[in-house]
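One structure below.
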Amino acid sequence: MKDVSRREFVKACALIGAAMKLGTFAPDAYGAGSGPSLSIAHFRTSPMGPEAIAEEARRLTQEAINGLGGMGRFISKGDVVWIKPNIGWNRVPEQAATTNPDVVATLVALCRQAGAKRVIVSDNSCNPSVACFARSGIQAAALNAGADCFIMDERKFRKTALKGKALPAWELYGDVLGVNKLINVPIVKQHGLCKATLGMKNLMGVTGGERNRFHQDLTNTLVDLATFIRPTLVVMDAVRVLTANGPVGGNLADVKRKDTVAAGTDQVAIDAFGATLLGFKPQEIGYVVEGNARRLGTIDFESLKPRRIEI
Amino acid sequence: MAHGKVTWQVWIRRFCQSGSLLLFLYIFLQAEYRPVNETGHFVKLFFQLDPLILISSWLSSHQVLSGLLFSLFTLGATVLIGRWFCGWICPFGALHNLFTSLRNQKAKAKLAVDGYSKGQKAKYYILVAILVGAVLGINLAGWLDPFSFFYRSMAVVVNPAVNDGVGSFFGLIYQADPGIGTHKVATISEPIYDFLRHHVLATTQPYFYGGVLIALLFLAVVFLNLYRARFWCRYICPLGALLAVAGKNPLVQIKRNEEACNNCRVCVIDCQGGADPDVKDGWKPSECFYCWNCQSSCPHKVISFVFHVPGGQK
């Protein structure tokens, strides 16, 4: 996303604030100041063994954030941060259906170091939540790193005006509307319906209601959602990616190591990059094209001159 | 409830019943799905003490689940000292006792119905049906075994209803978000709900369509206590019937001081089992729960319960 003027920033805040039923959800991506919009960290080797992979995930996450200028660029003292990983499925990390727990834990630690008052890690799972939170390893990792990791409460979804093309309004999780920074942490996966599930699709985890309806028009619903939510930062987990039978997966043969973690402020660009990791052209992904058309971001991620870090 | 001021025996009995009921509810809540595919040993506690389940499952499957052998203690103890299990330990019985005490009948009305009634034989027919079914290879115990019935009603009806009710109440406050200025009710109500959700309520609660039938049966059984004392225990419970048969000749028996008795029949009021404590040589050990209500309410101290060694002094 290119730098915006203060006037545009204030205007956008006012518009979005007005569109909300309640809360003061601030699209702090604008406030991220100048700096690189995309950074891609990649491990030259592909170490085996859980300890080595965990260490790899931690280092990749750290380097990807450093490539953008450090977490301090995004998180300030006293911030309440929501880290939104993919905790959607009752799978173990090796099955690459949920975000790598070490990526999540590293982000929690970085946010806390940057002075965040409270770091929340949660997601609206598709499979039964108690199982997903435990089996994905994310609950234990997040709690260990000092985050507030809880299972979402069905009562708390608030109907919120999105004023989108496909979604005029939708139920969003009440607590999400109350934070001031949101970090979207998807895992790169093939998706049976929309070819790939990346960052914008991952935002579905803050929605409630009968969200299966989204799948009738993912192109527009996801961009509506992404336009409204505007995460502070997107950190894309591609340590392992799911290349087939996504988004649920299960078969270890469908998992490939890509040993990459990317971080960026442009939702469209980072999704475009993520698509290439699965062998797709960004133009093949409907919501990436739509996001680009609506100027939510740019599909040409190379034009952002991404910082590439090889470890 | 015993009539008038109660004796210490009744207090201890009430304490044991309350403890048992609370333990049952606690164990029930512990069975909530934790992300470990095991239920833990705890959950089976009351079922393992149930000789009806042991016998019915053994006869029908020709196998014995080793944990069920604990129920032989229950059976053995009942053979020795009578149906104390029904009066002091059974959590379902404790629930029925609780609803029985909510009866709005005057003492005179209770006098007419708290004594033994022939309908109490019904439970023996139910027991026989279960045993016959078991011999024929079908384990029917789960329909009317007290713990099965109670547990099933809790899981399918009561727990979802409570979770839904409490959740909806707090949810309404959260959504409507009432308050004065910046002082919102939710700042108090949400921490309370979080505490409840953490310790008592389910994290995520499933709901069951079949619950309607089970709800009707459960409510019927529980509210029948307002009509007859401990209705389930007297008329239906097949485990009670089994223990009644086992406890026909217990070593602990009622002792009546016949000279002091003036036949006021106050002892019959609030007799839980319908064991006829007022009848000379007519006390029915197989129906007595040893609740001590009769001993407690007798104004003339006629009644006590003593060790009765067969062939010794009466």
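Summary table below
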item: Pairs where the first residue, in the range A:296-311, is surrounded by 12 or more Cβ atoms within 10 Å (Cβ to Cβ) and the second is hydroxyl-bearing (Ser, Thr, Tyr) and in a helix (DSSP H, G or I), C-beta under 6 Å, 6+ apart; result: A:LEU296/A:THR227
item: Of residues in the range B:277-304 being of a type in the set (Asp, Glu) and at pLDDT below 95, the one nearest to B:ALA107 (Cα to Cα); result: B:ASP278
item: Considering residues of the range B:209-233 that are under 13 Å from B:ALA155 (Cα atoms) and touching a residue at least 60 places away in the same chain (Cβ under 8 Å) only, the residue farthest from the other protein chains (Cβ to nearest Cβ); result: B:PHE218
item: The range B:147-200, residues that are under 30 Å from B:LEU68 (Cα atoms) and outside any helix (DSSP H, G or I); result: B:VAL200
item: Subset tally (residues that are more than 14 Å from chain B (Cβ to nearest Cβ) and crowded, with 17+ Cβ neighbours inside 10 Å) for the range A:163-175; result: 4
item: Selection status of A:LYS165, assigned to a strand (DSSP E or B) and touching a residue at least 24 places away in the same chain (Cβ under 8 Å); result: no
item: So A:LEU182, is it surrounded by 23 or more Cβ atoms within 10 Å (Cβ to Cβ), within 14 Å of chain B (Cβ to nearest Cβ) and either out of contact with any Phe, Trp or Tyr (no Cβ under 9 Å at 6 or more places or on another chain) or not in a loop (DSSP other than H, G, I, E, B) (or both); result: no
item: The range B:248-285: number of residues that are polar (S, T, N, Q) and over 29 Å from B:LEU98 (Cβ atoms); result: 4
item: One residue from B:ALA244, B:ALA155 being surrounded by 13 or more Cβ atoms within 10 Å (Cβ to Cβ), over 30 Å from B:VAL113 (Cα atoms) and away from every other protein chain (no Cβ under 14 Å); result: B:ALA155
item: Residue within the range A:196-211 that is surrounded by fewer than 19 Cβ atoms within 10 Å (Cβ to Cβ) and either farther than 18 Å from A:GLY88 by Cα or without any contact (Cβ under 8 Å) to a residue 24 or more places away in the chain (or both) present; result: yes
item: Residue count for the range A:277-311, restricted to those that are assigned to a loop (DSSP other than H, G, I, E, B), of a type outside the set (A, V, I, L, M) and under 17 Å from A:LYS195 (Cα atoms); result: 3
item: Residue under evaluation B:GLY137, criteria (1) over 24 Å from B:PHE289 (Cβ atoms); (2) outside any loop (DSSP other than H, G, I, E, B), criterion not met; result: (2)
item: Any chance B:VAL113 is more than 14 Å from chain A (Cβ to nearest Cβ) and more than 19 Å from B:TYR26 (Cβ to Cβ); result: yes
item: Filter result for B:VAL221 (of a type in the set (A, V, I, L, M), surrounded by 14 or more Cβ atoms within 10 Å (Cβ to Cβ) and at pLDDT 95 or above); result: yes
item: Residues of the range A:188-231 classified as under 20 Å from A:THR298 (Cα atoms), within 17 Å of the chain's Cα centre (by Cα) and assigned to a strand (DSSP E or B), total; result: 3
item: Qualifying positions in the range A:253-265 - surrounded by fewer than 24 Cβ atoms within 10 Å (Cβ to Cβ) and either of a type in the set (Gly, Ala, Ser) or at pLDDT below 95 (or both); result: A:ALA253
item: Conditions (1) over 20 Å from the mean Cα position of the chain (by Cα); (2) of a type outside the set (Phe, Trp, Tyr); (3) surrounded by fewer than 20 Cβ atoms within 10 Å (Cβ to Cβ); number of the one not met by A:THR160; result: (3)
item: Residue under evaluation A:CYS111, criteria (1) surrounded by 22 or more Cβ atoms within 10 Å (Cβ to Cβ); (2) modelled with pLDDT of 95 or more; (3) within 14 Å of chain B (Cβ to nearest Cβ), criterion not met; result: (3)
item: Residue that is nearest to the other protein chains (Cβ to nearest Cβ), among those in the range A:118-149 that are in contact with a helix residue (DSSP H, G or I) (Cβ under 6 Å, 6 or more places away or on another chain) and among the β-branched types (Val, Ile, Thr); result: A:ILE138
item: Residue count for the range A:237-278, restricted to those that are of a type outside the set (Lys, Arg) and more than 18 Å from the chain's Cα centre (by Cα); result: 10
item: Unique match (being within 10 Å of chain A (Cβ to nearest Cβ) and not polar (S, T, N, Q)) among B:PRO178, B:PRO191, B:PRO206; result: B:PRO206
item: Options A:ALA41, A:ALA97, A:ALA57: the member that is surrounded by 24 or more Cβ atoms within 10 Å (Cβ to Cβ), farther than 21 Å from A:MET200 by Cα and touching a residue at least 24 places away in the same chain (Cβ under 8 Å); result: A:ALA57
item: Residues satisfying the stated conditions in the range B:161-186, i.e. without any contact (Cβ under 8 Å) to a residue 12 or more places away in the chain and touching a strand residue (DSSP E or B) at 6+ places or on another chain (Cβ under 9 Å); result: B:GLN175, B:ASP177, B:PRO178
item: Hits in the range B:11-65 (condition: in a loop (DSSP other than H, G, I, E, B) and either within 19 Å of B:ALA94 (Cβ to Cβ) or away from every other protein chain (no Cβ under 14 Å) (or both)); result: B:THR39, B:GLY40, B:HIS41, B:LEU49, B:ASP50, B:HIS62, B:GLN63, B:VAL64, B:LEU65
item: Tally, over the range B:257-284, of residues that are charged (D, E, K, R), closer than 20 Å to B:GLY247 by Cβ and within 24 Å of the chain's Cα centre (by Cα); result: 2
item: All positions within the range B:201-216 that are assigned to a helix (DSSP H, G or I) and either surrounded by 15 or more Cβ atoms within 10 Å (Cβ to Cβ) or more than 26 Å from the chain's Cα centre (by Cα) (or both); result: B:GLY211, B:ILE214, B:ALA215
item: Unmet requirement for B:ILE173, which otherwise passes all of (1) more than 20 Å from B:GLU287 (Cβ to Cβ); (2) surrounded by fewer than 17 Cβ atoms within 10 Å (Cβ to Cβ); (3) of a type outside the set (Ser, Thr, Tyr); (4) modelled with pLDDT under 95; result: (2)
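Results for (1) closer than 29 Å to B:LEU72 by Cα; (2) assigned to a loop (DSSP other than H, G, I, E, B), shown as yes or no for each residue.
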{"site": "B:ALA220", "(1), (2)": "no, no"}
{"site": "B:TYR235", "(1), (2)": "yes, no"}
{"site": "B:ALA244", "(1), (2)": "yes, no"}
{"site": "B:PRO250", "(1), (2)": "yes, yes"}
{"site": "B:ALA260", "(1), (2)": "no, yes"}
{"site": "B:GLN272", "(1), (2)": "yes, yes"}
{"site": "B:ASP278", "(1), (2)": "no, yes"}
{"site": "B:VAL309", "(1), (2)": "yes, yes"}
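The values are calculated or read from the model by the stated rules, or taken from the named source; none is laboratory data. From a predicted model like this one, the values you see are computed outputs, not experimental measurements. Positions of Cβ are generated from backbone atoms using ideal geometry, with glycine treated the same way; all protein chains shown enter the neighbour counts.
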